[in-house]
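Heads up, the thing below is written out as C-alpha cells.
The values are calculated or read from the model by the stated rules, or taken from the named source; none is laboratory data. Here the structure is a predicted model, which means the values were calculated and not measured. Quick reminder, even Gly has a Cβ in these numbers, built from the backbone with ideal geometry, and neighbours come from all protein chains shown.
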C-alpha cells in the first residue's frame, strides 16, 4: 500500500462507503483511531481490537492481526480514510484526504430514498 497520498481530496462513492463500512471490524477500527492523535502500530491496534473479543483478552488474535494487515487497513487506506504504511506497519489517522462527510451525506440520501420507497 502507498505510504504517501496526493494532497488532493479523494471523492468516495456511495458504494465504496458501504463496502468500507460494511465490516464491523472496520467501523470499530475507525472508532478506535479517533481516540489517537499520533500514529499507532499494527500490533497495538490489533491488541486493542483483540481486547473486544472475550476469547482473546490476554493475547493478540492472529486472525485479527492478519486481517488488519492484509484486508482492513489497505481497504481503508485505499478509500483515503487513513494512511497505512505496510512496510513499517504504522497507521496514521490524521492524514485523511477523503471528503468523507460529503460521502456520508450521499449515503444518507440513498437510504432516505430506500426508506421512502418502502
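The table below lists the values:
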read-out	value
Criterion: surrounded by fewer than 17 Cβ atoms within 10 Å (Cβ to Cβ), at pLDDT below 85 and under 30 Å from residue 111 (Cα atoms) - qualifying residue of 2, 35, 7	35
Scope region 61-103; condition assigned to a loop (DSSP other than H, G, I, E, B) and either within 13 Å of residue 46 (Cα to Cα) or at pLDDT 90 or above (or both); matching residues	61, 86, 87, 88, 89
